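First up is the structure itself, then whatever we jot down about it.
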Amino acid sequence: MQAVRNAGTVFLRSWARPPTTGVVADAPARTIHTSLQQLQEPAAAKKVEEEAAAPSRSSFSIYPPVLGQESSLRWAGKKFEEIPIAHIKASYNNTQIQVVSATNQPLAHASCGTEGFRNAKKGTGIAAQTTGIAAAAKATGKGVTHIRVVVKGLGPGRLSAIKGLTMGGLEVISITDNTPIPHNGCRPRKARRL
């Protein structure tokens, strides 16, 4: 039994460490590798510092500009602030979409009720998607191609309405959630008995 155990440990040791040709040949390679790595790290850090110090020709940034600073991003020749806004109000019973210009002039309006859905069917995702397609069709008729989206509410039509806007031919630039959240404000209703 002891011989079997010894043979097993020898096998495990040989499996855990691959055989080396010689300790002397292995040591210099490690030192050369580490010194090469140490030489490369300061050179790479110096190169990164030079790139950061020199201003790039295209000042492209995925982050919004700081207040008072111009952004170079344009959509169909318009700045971000000039793009129309689609306000989506997604309640549990209905979904309403209103497209307004950057100066708050109404361009298009649609809701699940105006699209022919009645009663409980107004609060579904399919109704919200149909409403989004209808609102997009009305907005594209007035020359809107790109849009910003502001969503308010927790209804089932939140994402479906955005999907409908894209299916209707509008390109969504940004999505903002504007759902009101109480910081322990009004007392809620009593619990519903089922």
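For segment 101-158, enumerate the residues that are touching a helix residue (DSSP H, G or I) at 6+ places or on another chain (Cβ under 6 Å), under 23 Å from Ala76 (Cβ atoms) and in a helix (DSSP H, G or I). Passing the criteria: Gly132, Ile133, Ala136.
Only one of the listed residues (Gly155, Gly132, Gly143, Gly125) is more than 11 Å from Ala86 (Cβ to Cβ), of a type in the set (Gly, Ala, Ser) and open to solvent by less than 20 Å² (accessible area, probe 1.4 Å). That residue is Gly155. In segment 121-143, the residues that are within 14 Å of Gly157 (Cα to Cα) form Cβ pairs under 6 Å with partners that are among the hydroxyl-bearing types (Ser, Thr, Tyr) and assigned to a helix (DSSP H, G or I), at six or more places apart or across chains, as follows: Gly125/Ser160; Ala128/Ser160; Gln129/Ser160. Could you list, in sequence order, all residues of segment 175-194 that are surrounded by 10 or more Cβ atoms within 10 Å (Cβ to Cβ) and either over 33 Å from the mean Cα position of the chain (by Cα) or modelled with pLDDT under 90 (or both)? Scanning segment 175-194 gives no hits.
The values are calculated or read from the model by the stated rules, or taken from the named source; none is laboratory data. This structure is a prediction, so every number in the text was calculated from the model and none was measured. In this analysis, Cβ positions are derived from the backbone assuming ideal geometry, glycine residues included, and neighbour counts consider all displayed protein chains. For accessibility, only protein heavy atoms count, side chains too; no ligands or nucleic acids. Shrake-Rupley method; radii C 1.70, N 1.55, O 1.52, S 1.80 Å.
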